[in-house]
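What follows is one structure encoded as structure tokens, with my remarks underneath.
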Amino acid sequence: MTDTRISWHDYLNRRMLICVFLGFTSGLPLFILLSLLQAWLAKSGLNIKALGLFALLMFPYTWKFVWSPLMDRFHFGRMGRRRGWMLLTQVGLFLGIGSMGMLDPATQLGMIAVLASVVAFLSASQDIVIDAYRREILSDDELGLGSAIHVNAYKLSGMVPGALSLVLADLMPWQSVFWITAAFMLPGLLCTLAIKEPVVYGVPPRNLREAVLLPFQEFIKRGGWGSALWVLGFIFLYKLGDSMATALATKFYIDLGFSMTQIGVVSKTTSLWASVAGGVVGGIWMIRLGINRALWVFGVVQAVTILGFAWLAQIGASTAVLAVVIGAEAFGVGLGTAAFVAYIMRETDPRYTATQYALFTSLAAVPRTFVNSSVGYIVAEVGWFHFFVLCFVLALPGMLMLFKIAPWNPVARTTTDAV
């Protein structure tokens, strides 16, 4: 891939601003499910094993590639394919998130699970169309920086359910907290109404059969089945350890003895800004390193900082140590995520944006959905310290695959260089 220098003014154009708004509204529902829902149920008395099983409710993030061809094929009149699907999912998310807080965890846990599944489905569907829109409005030279900005805005949205909402939970009923949190979907919805439909790359699918088959055929033919399996295996493993380590983070902090306000103000805020800093540094540094070398360097930092959680488990409820450990780990994750998202974007053929990107990100979500559902059982058996050591070990296989997937000194690329 050509090493094109990109100046700071590229951060300030209209396309990058769109990445900020859509990145924020893309991340908000996920963090509501991971942070706010988890805290709500934990405070209501739900045990750790049941909390772990709630990860299974987010299966749409893993299977979203199944219905992604529908979003490539069908449109909504003048709203177009991308804007129409965005508007539909965002309205549904606003209503679903707000309504969830009106239920009682003590007597309506089943209904909460159903509504959480609906929110997850709408969130995954929104991700499909936002990712496709972003790929279609960014030029090839803007992919790295645009991905970093999107990731940072995505992380920034975690401050609402992971910090603000937790602080509000100490001051007002949960019902009010959920509706206030849902209101943060509105800026993204207004952005959807204000932006223009992107120019269609090539010929859009003429029927549903083409929308389903062509993206998968192109991916397999690109380098054969062997190459495709290596790519898919890497996407699954690269962030496995990190994903498991943070699966029940809120429960971990509560077990150590931190108050909800401490978790919201110290832990979540530190995590947010450290992750954003990592994403910014990663986006800029990646211009010089290239995507391949960034995956190596950033991946090492991402893996090593997981061990900080094991240290925190030994130290106990120290606010200073909490800030240092969470900040270091989040910075490493910010670096790793910037490189990882840029890699996925590079492997996506812009002719089949929604379906291929959904396939890759669905696979990346497998650990968060299915593997993370076992986290509660693992912690119950081995304790927090040994669990975090295990997470570090599980981060290594993905790093080892870099010898094949992204060698330090890459040879000339063929198909994906044109992407």
### Query
Can you name every residue in region 161-179 that is β-branched (Val, Ile, Thr) and surrounded by fewer than 23 Cβ atoms within 10 Å (Cβ to Cβ)?
Val167
## Note on the structure
The number of residues in region 89-134 that are farther than 17 Å from Ala182 by Cα and over 18 Å from the mean Cα position of the chain (by Cα) is 10
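Surrounded by fewer than 17 Cβ atoms within 10 Å (Cβ to Cβ), modelled with pLDDT of 85 or more and either part of a helix (DSSP H, G or I) or of a type outside the set (A, V, I, L, M, F, W, C) (or both): which single residue out of Gly327, Gly336, Gly383 fits that description? Spell out the reasoning first.
Details: Gly327 fails: surrounded by fewer than 17 Cβ atoms within 10 Å (Cβ to Cβ); Gly336 fails: surrounded by fewer than 17 Cβ atoms within 10 Å (Cβ to Cβ).
Only one candidate qualifies: Gly383.
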### Task
Determine if region 63-85 includes at least one residue that is out of contact with any Pro (no Cβ under 8 Å at 6 or more places or on another chain) and of a type in the set (Ser, Thr, Tyr).
yes
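Here's the yes/no breakdown for (1) closer than 21 Å to Pro198 by Cβ; (2) in contact with a Cys (Cβ under 7 Å, 6 or more places away or on another chain); (3) not hydroxyl-bearing (Ser, Thr, Tyr):
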| site | (1), (2), (3) |
| --- | --- |
| Ser68 | yes, no, no |
| Gly92 | no, no, yes |
| Leu103 | no, no, yes |
| Met111 | no, no, yes |
| Ile137 | yes, no, yes |
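The values are calculated or read from the model by the stated rules, or taken from the named source; none is laboratory data. Treat the numbers as computed from the prediction; the structure is a model and nothing was measured. With ideal geometry, Cβ positions are generated from the backbone for all residues, glycine too; neighbour counts draw on all protein chains shown.
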